[in-house]
Amino acid sequence: MNLTITDVRLTPILVADPPLLNTQGVHQPYTPRLIVEVETADGVVGVGETYGDTKYLELARPFAEKLIGRQVSDLNGLFTVADEVAVDDARVSGQVDVGGLRGVQTADKLRLSVVSGFEVACLDALGKALGLPVHALLGGKVRDAVEYSAYLFYKWADHPAGVAAEKDDWGAAVDPAGVVAQARLFKERYGFTSFKLKGGVFPPDEEIAAVRALAEAFPGHPLRLDPNGAWSVATSLRVAEELGDVLEYLEDPALGTAAMAEVAAGTDVPLATNMCVTTFAEIAEAFGKGAVQVVLSDHHYWGGLRNTQQLAAICRTFGVGVSMHSNTHLGISLAAMTHVAATVPDLHHACDSHYPWQAEDVLTQRLVFEGGKVAVSDAPGLGVELDREKLRALHQRWLDDDGTLRERDDAAAMRAAEPGWVTPGVPRW
Ligand code: GKR
Ligand code: MG
């Protein structure tokens, strides 16, 4: 068996995305993703997926060149390779990731997001070469299916007039009735039993009313609300007080560890985050201050599946819960999330996934949610197969774009509907 990497292919694509609203604006009609393929001397191909904006692509290209001649099994070496690739620190450091709502951006975090795409591709190739599923390479699954939650969004029926876009079949959701109708569709189509509402879009009282309506429509089901740090400490505490009896957790009500710690000190409602604990360096302060009770990992920016396991072990040690964050992603990433989630012993909260919002994929077969769960594949590697024709078509869309959609920018997308829109300051309420 020859595990030497002989070819690495990077394919940037644009994937259709519905007009989902968040505190920064609205999703673009198409969002960039990067598909990674790693091929061994034996012709085994592994696939990975990560963010596709230009800054990721610019880093992934020199990274890919350095992988030729290395072993797909050398997963630790990926971090060394990452350190050797120059990143224009001034371009990324200190920025809050536009549209991503994933906390402060740093050169290291950018590197880790690229590492994760290659790590997953290498694990897929290694698993295929050895005839083992990725979860076995990670130490073995402790469950046969991974539970996901319905990811509810306020949304418009269509992208703004004049914007070229694919039509989706979810309809509008801009009030409590619309949110409940969307939740019913999620339950009907995928069997989800816990629900997360992306908030920070409307004034808090409207979002409180939407969560109340969900609680009435789905009594006893776990509910979450995530305004992406849009509220002040006082507003966060008021929402916690009003919804405390129905919330599983509040996600990033206020921005940053200090504000989250203040909220946590004033409520018994657990706080979850994918914004103030997004790197290993942020853990000590946040855990020390009791700022978060659940960390939502994201293997893309934590640096891969094995780093996600390490994060889970740290959370376990400190009695902090762990689950998973999601941003727009395709089936390769859902498969990767499912493999790693299957190996995490104390996963007590259903994971997030945007996948139901993505009608397009690059796989021959879509992954399926049954009873709100994705079955853990025991096939070699990730257990997914790339559909080259679909990949080619989505890449062509990327090639045809004049550059405007290649960077996800929810505020810019909002300006198509509201020309004067600027990203709201924080706290917004
Ligand atoms: O896709 O609009 C969105 C979400 O707001 C996403 O950008 C966040 O990263 O889903 C994420 C979250 O949980 O904060
Ligand atoms: Mg979040």
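Would you confirm whether any residue within region 296-307 is hydroxyl-bearing (Ser, Thr, Tyr), assigned to a loop (DSSP other than H, G, I, E, B) and modelled with pLDDT of 95 or more? Walk me through it before giving the result.
The initial filter retains those residues of region 296-307 that are hydroxyl-bearing (Ser, Thr, Tyr), namely 297, 301.
After this cut, where a residue has to be assigned to a loop (DSSP other than H, G, I, E, B) as well, the list is none.
There is no residue in region 296-307 that is hydroxyl-bearing (Ser, Thr, Tyr), assigned to a loop (DSSP other than H, G, I, E, B) and modelled with pLDDT of 95 or more.
Which pairs turn up if I take residues in region 305-326 that are farther than 21 Å from Pro133 by Cβ and look for partners that are more than 16 Å from ligand 1 (Cβ to nearest atom) and open to solvent by less than 50 Å² (accessible area, probe 1.4 Å) with beta carbon separation below 6 Å, at least 6 apart in sequence or on another chain? Qualifying pairs under 6 Å: Phe318/Phe287; Val322/Ala312; Val322/Cys315.
Check whether at least one residue in region 381-389 is at pLDDT 95 or above, open to solvent by less than 70 Å² (accessible area, probe 1.4 Å), under 23 Å from the mean Cα position of the chain (by Cα) and closer than 30 Å to Ala161 by Cβ, and report yes or no. Can you show your working first?
Keep residues of region 381-389 that are at pLDDT 95 or above, which gives 381-389.
Filter once more, so that each one left must be open to solvent by less than 70 Å² (accessible area, probe 1.4 Å): 381-384, 386-387.
After this cut, where a residue has to be under 23 Å from the mean Cα position of the chain (by Cα) as well, the list is 381-384, 386-387.
Checking the rest, the ones that are also closer than 30 Å to Ala161 by Cβ come to none.
No: zero hits.
Scanning region 326-340 for residues that are within 16 Å of ligand 1 (Cβ to nearest atom) and open to solvent by less than 10 Å² (accessible area, probe 1.4 Å) yields Ser326, Thr328, His329, Leu330, Ser333, Leu334, Met337.
Residue count for region 169-200, restricted to those that are among the aromatic types (Phe, Trp, Tyr) and not in a helix (DSSP H, G or I): 3. Hey, any hits in region 225-242 for a residue that's in a helix (DSSP H, G or I), among the basic types (Lys, Arg) and in contact (Cβ under 8 Å) with a residue 24 or more places away in the chain? Checked against the condition, which is being in a helix (DSSP H, G or I), among the basic types (Lys, Arg) and in contact (Cβ under 8 Å) with a residue 24 or more places away in the chain, region 225-242 yields at least one hit.
Candidates in region 196-217 are the residues that are within 26 Å of Gly372 (Cα to Cα) and acidic (Asp, Glu); of these, the one that is farthest from ligand 1 (Cβ to nearest atom) is Glu216. Quick check, is Ala284 out of contact with any helix residue (DSSP H, G or I) (no Cβ under 7 Å at 6 or more places or on another chain), under 30 Å from Asn307 (Cβ atoms) and either more than 15 Å from ligand 1 (Cβ to nearest atom) or open to solvent by less than 40 Å² (accessible area, probe 1.4 Å) (or both)? When the stated conditions are applied, Ala284 passes them.
When each of Lys109, Lys128 is tested for being modelled with pLDDT under 95 and not hydrophobic (A, V, I, L, M, F, W, C), the lone residue that passes is Lys109. State all residues of region 109-165 that are among the aliphatic types (A, V, I, L, M), in a loop (DSSP other than H, G, I, E, B) and either within 16 Å of ligand 2 (Cβ to nearest atom) or under 22 Å from Gly77 (Cα atoms) (or both); if no residue qualifies, say none. Leu132, Leu138, listed by residue number.
Restricting region 157-202 to residues that are of a type in the set (Lys, Arg) and over 26 Å from Glu418 (Cα atoms), which is least open to solvent (accessible area, probe 1.4 Å)? Full working, then the answer.
Within region 157-202, the first condition is being of a type in the set (Lys, Arg), and the residues that meet it are 167, 184, 187, 189, 196, 198.
Then drop every residue that is not over 26 Å from Glu418 (Cα atoms), which leaves 184, 187, 189, 196.
On the way: Arg184: 117, Lys187: 77, Arg189: 89, Lys196: 1 Å².
Going through the qualifying residues, I end up with Lys196.
For region 1-42, residues that are among the small types (Gly, Ala, Ser) and touching a strand residue (DSSP E or B) at 6+ places or on another chain (Cβ under 8 Å) total 2. Do the conditions hold for Gly256, that is, is it closer than 28 Å to Arg415 by Cβ, open to solvent by 10 Å² or more (accessible area, probe 1.4 Å) and free of Cβ contacts under 8 Å to residues at least 60 places away in the same chain? So Gly256 passes the test. Looking across region 63-86 at every residue that is in contact (Cβ under 8 Å) with a residue 60 or more places away in the chain and not in a helix (DSSP H, G or I), the one that is nearest to Gly304 (Cα to Cα) is identified as Leu75. Of the strands (runs of 3 or more DSSP E) lying entirely inside region 1-62, those containing at least 3 residues that are more than 20 Å from Ser333 (Cα to Cα) are 5-16. Examine region 232-249 for a residue that is within 14 Å of ligand 2 (Cβ to nearest atom) and touching a Gly at 6+ places or on another chain (Cβ under 7 Å), and state whether such a residue exists. No.
If we scan region 218-230, do we find a residue that is within 16 Å of ligand 1 (Cβ to nearest atom), open to solvent by 40 Å² or more (accessible area, probe 1.4 Å) and not small (Gly, Ala, Ser)? Yes - at least one qualifying residue is present in region 218-230.
The values are calculated or read from the model by the stated rules, or taken from the named source; none is laboratory data. Since this is a predicted model, take the numbers as computed values, not measurements. Note: ideal-geometry Cβ built from the backbone for every residue, glycine included; neighbour counts use all protein chains shown. When the accessible area is computed, the model is the full protein with side chains, heavy atoms only, and any ligands, DNA or RNA have been set aside. Shrake-Rupley method; radii C 1.70, N 1.55, O 1.52, S 1.80 Å.
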